[in-house]
Amino acid sequence: MARPGRTNFHIWLLLPAFVFYTVFWIAPALIALLSSFTQWNGISLASIHWVGVANYLELFDDRWFWNALRNNLLFVAVVLSSIIILGMTYALILNAKPRGHSVFSTIFFIPIVLSSVVIGLLFTQMLSPTVGLVGPALAAVGIPGVEQYQWLGSKETALPMVMLVYIWRELGFAILLLLAGLQTIPNDYIEAARIDGASPWNITRHITLPLMRPVLTVVIVLVTTNAFLLFDLVIVMTNGGPFHGSEVLSVFMYSQAFLKGNPGYGTAIAMMLFVIILCVSGIQLALSGRGQKA
Amino acid sequence: MSKFRSLRALTLAGVALLIAHGGAMAQTVTLNLWSELSAPPESTVLNKAVEMFNAANPGIVVKHTSFENTAYETALRTAFAGGTPPDIAEVNAGSNAFQYAQSGQLMDLTDFVKPIEEKLRPGLETMYQYDGKSYGVLWGLKVGNVLYYNPVMLKEQGIDPASLATWEGFMAASQKFLDAGITPIAFGDRDQWTGNHYFNHILHGILTKDEYDHIGLQTLDPSITSALKWSDPKAVHAWEVYKAVADAGYFTPGYLSDDNDTAAGLFFAGRAPFYSTGSWGVGMAKANGAQNVALTLFPPVADSPEPTAIVTNSLLFTIPTTTSDADAAKKFLEFLTSEPVQKLYVEENFDLSPYQYDSSGWTMDPMLRQIAGLLDNAQNASPFLDMIEDVKCMQENVNEANVAVLTGDLSPQEAGDMHQECVTDLRAERGW
Amino acid sequence: MFKSLPLLVRIFAYILLVALAASVVLPFLWMISTALKTTGEINQSPFSLPATPNFWVFVDAWVQGDFTKLYLNSLGITVVAVAGLLAFCSAAGYALAHFEFRAKEAVFIYFLAGMMIPPQVIMVPSFKLMATLGLINTYAAVILTYFAWVPFAIFFFRAYFSGIPKELAEAARVEGVSEWNIFIRIMLPLAKPAMATVGIVYFIWIFNDFMWPLIYLNDQSLRTVTLGMMAFQGSHAALMNLKVAALIIATGPPLVIFLIFRRQIQNGLIEGALKA
């Protein structure tokens, strides 16, 4: 490839994407990183003063930081495992091509096109005890005492409801990717195994899943990253409440930086979030890489 | 070839733009005005006022850029931080404006405002004065402590609206509705500010004006101290009264999960007889086509020292120190307070004027006139608590705490203790 | 293949399929039925069907919300942003897949890192940047921001181009075809399925984005569908049927387009996965 006179072409290919990405995404992020070492009022540059790692140290003493972190980890764990298990189950079913499979897959993909704002509004309405239908529906099938229950206004159910809606929204995309992965597995392998008398379960366990590892890795990393960054849905559905009950890190950051006037502290939270995502995806990639070699 | 042609066209256009710009610069001053009044009718009125001003002042062109409400704070802060604020800036009166004043970014307008002050209703100083200096002119006057009710539903239960004049009467009416199987008070505290306003109005009813103003302003103004503490029984009592309403089951069942719009919808649709919001509720009722709406002052608690007092809110037009022409900007501010502009504002906006012009000949919605009457009848007025308390204590200890008190995460006493701790720490930290 | 499974497994599989499908379809039916009811009917019961369906509600919501303008704004922004992204990212993905150069891995990781940055954290610095450039309240501000959303597209294009044999380009080079023509005439036509997939995925993301238009497009005349729909919800609090009609208007057209292009997306993804 390294022919004289042609070696620089890749630079021209990379340049536009590099410039836009650097100027409009990375540069602001670096400025944010710097501001996490400062305290200021957000209005006058004269008020900025360098505080070193004080913002980061303060985080460790802040019970609401731990609360948001706990909520976030819980959210990611539940959402990730549900999406992988359900996604794989549905992908396997659809891949077996039951009658009507293309109608089903079309329907499953619908939530992908909807914005999280619309989805949030829709489910907030449906879950509301005053204007919704979930309470009356449960009462109609004979479950008493829930008609006036505040699904999004109770500590026990606010975060689980957001999880449920999030899974509902993201499941279609996971099924789509996993199904695509399944369809790349050459039929010969499976036919050969079947002729050898392997059961469907054994085929899945010993042929399909190992061959799916790369696709699964992609889905796991994508879902994890997106779930850590969860923001819109919480803001629309619960606004982090009731009383921090469904507050995750990005929402905690938002409230510190924009509502409580602590921009420096807010960006320190965001940096922690970045580091956590980096570590978790790093671990996931390393695990999948090691598994592949074994 | 075509590349050249388009390049040439572009250059020509650029030159033309420069000439046009340069020509205009030679004769007139352009003033950039920023505001959060981006939706009609508010935006319409301000735009009309700007047009009127530009027509009457050939040497000055005011250019109004409006921002969506939620983004405005970010936009303005960023502009100030970058040293490029507009020539005239609309800000929320009170603490919001004082932040900018405190960091020396607003012009001291004390002398300019003096003659305008004479037209102003009394009791509004805390909205534009900080540390003895004035920083702008007020625009619009919203009344916060209003209770809306559905007269038809009240009639059905045989409740006399006059009984809503006291807190006890309000609670008795609520109980009557509850007994009849109707949850009385439409309330949605998902976004916290609604609960903040309830607490605000109850507290305001319990305290005297001085107590109320000082307990808030002590976080903004080093020279003000408050004898009353948030942990004192008087302040804690406000939380208790607020919590008692929820415990009695008077709030609509979605009170922690619904947002204010949903709650308002319940009231306007005739599903709940009571709803408390500010004077802007008159405009909301109109937009929603609601028929059976009447109003009264938010009922003051028993033994209220000043039972007719009003909680208000206003916007402030200020001039940043970096303005390109201070005299022209002042001219515009003065124009905004003039009678024709104020008349236009009141007639088209479902809102009141902070200036005391004779409004008897103006076309006003009857409900708005009633609110104007409440205002005329009031012993005094104070701003909302969130306008006179530093956001660092207010956000956590009023906005978040009002949910925590309802959920039981904080007892009224704990809420008061936490609030006092924040205020004490804040003053200590700033060396006040 | 499905038929070869035990009956019990098949029944269970159908129960799962129907349950998920119902969870998607029912909210839509509820929305449509609610929109067509009167406010009185809505207050009485959330399940009842409209006695006399009022289809004018959609016209009312469309006109009152000025959705023609909102759609034009949204489509304009989305089309420009997606076209730009496809151009830059296909080029960058091709470079990362087919060229050998120093720090290639580092450049790739650099491009991926952006996925992990919470967008809220760059809000203030970005706003500052746009304000300095004088772009607040212009479409340029949002479009330039979207131009920076390169990570997923580059990731996808790189994987896709890696699946195309390098010999193809080598052969063309021997024939004396310029690098530029190899990219435009040979590589891009081969990448059509990837273009379709990335294009549609980004179209959905950008069309649905809420945050950046919210902070950059303040002027009412510049608003996008999502922004306009949110404003509509607030100003019509008690008019549940109109509110829901606006929700349907904001989701309907993208949904129809998606259903039409579903096969392309699926094929694109499968092919992308194959090549990767």
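Checking each residue in segment C:206-243 for being more than 23 Å from B:Trp34 (Cα to Cα), among the aliphatic types (A, V, I, L, M) and more than 11 Å from chain A (Cβ to nearest Cβ) picks out C:Leu239, C:Leu242. Working only within segment A:65-91, note down all residues that are among the hydrophobic types (A, V, I, L, M, F, W, C) and either at the interface with another protein chain (Cβ under 9 Å from one of its Cβ atoms) or closer than 19 Å to A:Met253 by Cβ (or both). Listed by number, the residues that qualify are A:Phe65, A:Trp66, A:Ala68, A:Leu69, A:Leu73, A:Leu74, A:Phe75, A:Val76, A:Leu86.
In segment A:182-190, is there at least one residue being within 14 Å of chain B (Cβ to nearest Cβ) and of a type in the set (A, V, I, L, M, F, W, C)? Scanning segment A:182-190 turns up no residue that is within 14 Å of chain B (Cβ to nearest Cβ) and of a type in the set (A, V, I, L, M, F, W, C).
Do we have any residue at all in segment A:275-284 that's farther than 16 Å from A:Val53 by Cβ, surrounded by fewer than 24 Cβ atoms within 10 Å (Cβ to Cβ), more than 10 Å from every other protein chain (Cβ to nearest Cβ) and in contact (Cβ under 8 Å) with a residue 40 or more places away in the chain? Looking through segment A:275-284, at least one residue is farther than 16 Å from A:Val53 by Cβ, surrounded by fewer than 24 Cβ atoms within 10 Å (Cβ to Cβ), more than 10 Å from every other protein chain (Cβ to nearest Cβ) and in contact (Cβ under 8 Å) with a residue 40 or more places away in the chain. If you go through segment C:29-60 and keep only what is more than 7 Å from chain A (Cβ to nearest Cβ), assigned to a helix (DSSP H, G or I) and without any contact (Cβ under 8 Å) to a residue 60 or more places away in the chain, you end up with C:Leu29, C:Ser33, C:Gly40, C:Glu41, C:Asn43, C:Gln44, C:Trp56, C:Val59.
If the condition is being modelled with pLDDT of 90 or more and either under 12 Å from the mean Cα position of the chain (by Cα) or of a type in the set (Val, Ile, Thr) (or both), then segment C:178-198 contributes C:Ile182, C:Ile184, C:Ile186. From the residues in segment A:256-273 that are assigned to a helix (DSSP H, G or I) and among the polar types (S, T, N, Q), which one is surrounded by the fewest Cβ atoms within 10 Å (Cβ to Cβ)? The extreme case among them is A:Gln256. For segment A:66-95, filtered to residues that are small (Gly, Ala, Ser), touching a residue at least 24 places away in the same chain (Cβ under 8 Å) and under 12 Å from A:Ile167 (Cβ atoms), the residue that is surrounded by the most Cβ atoms within 10 Å (Cβ to Cβ) is A:Gly87.
Taken together, B:His197, B:His237 contain a single residue that is modelled with pLDDT of 95 or more and under 27 Å from B:Ala89 (Cα atoms), which is B:His197.
The set of residues in segment B:310-337 being part of a loop (DSSP other than H, G, I, E, B) and either more than 21 Å from the chain's Cα centre (by Cα) or not assigned by TED's automatic domain parsing to the domain that holds B:Thr363 (or both) consists of B:Thr321, B:Thr322, B:Thr323, B:Ser324, B:Asp325. For segment B:392-432, a residue qualifies if it is crowded, with 19+ Cβ neighbours inside 10 Å and under 20 Å from the mean Cα position of the chain (by Cα), and the qualifying residues are B:Cys393, B:Met394, B:Gln395, B:Asn397, B:Val398, B:Asn399, B:Glu400, B:Asn402. Restricting segment B:51-62 to residues that are out of contact with any Pro (no Cβ under 8 Å at 6 or more places or on another chain) and part of a helix (DSSP H, G or I), the residue that is farthest from the other protein chains (Cβ to nearest Cβ) is B:Ala56. For segment B:184-217, a residue qualifies if it is in a loop (DSSP other than H, G, I, E, B) and under 19 Å from B:Phe298 (Cβ atoms), and the qualifying residues are B:Pro184, B:Phe187, B:Gly188, B:Asp189, B:Gln192, B:Leu207, B:Thr208.
Taking segment B:372-432 and the helices (runs of 4 or more DSSP H) fully enclosed by it, the elements with 1 or more residues that are under 19 Å from B:Asn96 (Cβ atoms) are at B:385-388, B:391-394, B:412-429.
Contact map, segment B:63-83: first residue within 8 Å of chain C (Cβ to nearest Cβ), second residue of a type in the set (Lys, Arg) and assigned to a helix (DSSP H, G or I), Cβ cut-off under 8 Å, separation 6 or more or different chains; pairs are B:Thr78/C:Lys128; B:Ala81/C:Lys128; B:Gly82/C:Lys128. Condition first: surrounded by fewer than 22 Cβ atoms within 10 Å (Cβ to Cβ), outside any helix (DSSP H, G or I) and not small (Gly, Ala, Ser). Now tell me which residues in segment B:34-50 satisfy that. Answer for segment B:34-50, where residues must be surrounded by fewer than 22 Cβ atoms within 10 Å (Cβ to Cβ), outside any helix (DSSP H, G or I) and not small (Gly, Ala, Ser): B:Pro40, B:Pro41. Considering only segment A:198-209, I want to know if a residue exists there that is touching a helix residue (DSSP H, G or I) at 6+ places or on another chain (Cβ under 8 Å), of a type in the set (Lys, Arg) and surrounded by fewer than 19 Cβ atoms within 10 Å (Cβ to Cβ). Scanning segment A:198-209 turns up no residue that is touching a helix residue (DSSP H, G or I) at 6+ places or on another chain (Cβ under 8 Å), of a type in the set (Lys, Arg) and surrounded by fewer than 19 Cβ atoms within 10 Å (Cβ to Cβ).
The sole residue among B:Gln356, B:Gln413, B:Gln342 that is under 23 Å from B:Gly281 (Cβ atoms) and more than 14 Å from every other protein chain (Cβ to nearest Cβ) is B:Gln342. Restricting the search to segment B:124-168, which residues are in contact (Cβ under 8 Å) with a residue 24 or more places away in the chain, β-branched (Val, Ile, Thr) and either outside any helix (DSSP H, G or I) or not assigned by TED's automatic domain parsing to the domain that holds B:His197 (or both)? Across segment B:124-168, the qualifying residues are B:Thr126, B:Val137, B:Val143, B:Val146, B:Thr166. For segment B:82-119, enumerate the residues that are among the small types (Gly, Ala, Ser), in a helix (DSSP H, G or I) and within 23 Å of B:Ser38 (Cα to Cα). Those that are among the small types (Gly, Ala, Ser), in a helix (DSSP H, G or I) and within 23 Å of B:Ser38 (Cα to Cα): B:Ser95, B:Ala97. In this structure, C:Val63 does not satisfy being in contact with a Phe, Trp or Tyr (Cβ under 9 Å, 6 or more places away or on another chain) and assigned to a helix (DSSP H, G or I). Reported count of residues in segment C:108-136, each being of a type in the set (Val, Ile, Thr) and within 7 Å of chain A (Cβ to nearest Cβ), is 4. Of the helices (runs of 4 or more DSSP H) lying entirely inside segment A:45-154, the ones with 1 or more residues being over 30 Å from C:Gly252 (Cα atoms) are found at A:54-61, A:63-95, A:134-140. For segment A:26-44, the set of residues classified as part of a helix (DSSP H, G or I) and of a type in the set (A, V, I, L, M, F, W, C) consists of A:Ile26, A:Ala27, A:Ala29, A:Leu30, A:Ile31, A:Ala32, A:Leu33, A:Leu34, listed by residue number. Please verify whether C:Ala246 is at pLDDT 85 or above, within 30 Å of B:Phe187 (Cα to Cα) and more than 9 Å from chain A (Cβ to nearest Cβ), treating the condition exactly as stated. Answer is yes for this residue. Counting residues in segment B:107-115 that are out of contact with any His (no Cβ under 8 Å at 6 or more places or on another chain) and either under 24 Å from C:Ala238 (Cβ atoms) or within 14 Å of another protein chain (Cβ to nearest Cβ) (or both) gives zero. Within segment B:342-358, which residues are crowded, with 20+ Cβ neighbours inside 10 Å and farther than 17 Å from B:Val113 by Cα? Scanning segment B:342-358 gives B:Tyr345, B:Val346, B:Asn349, B:Phe350, B:Asp351, B:Leu352.
The values are calculated or read from the model by the stated rules, or taken from the named source; none is laboratory data. Just so it is clear, the model here is predicted, and its values are computed rather than measured. Counting neighbours? That spans all protein chains shown, and the Cβs are built from the backbone with ideal geometry, glycine included.
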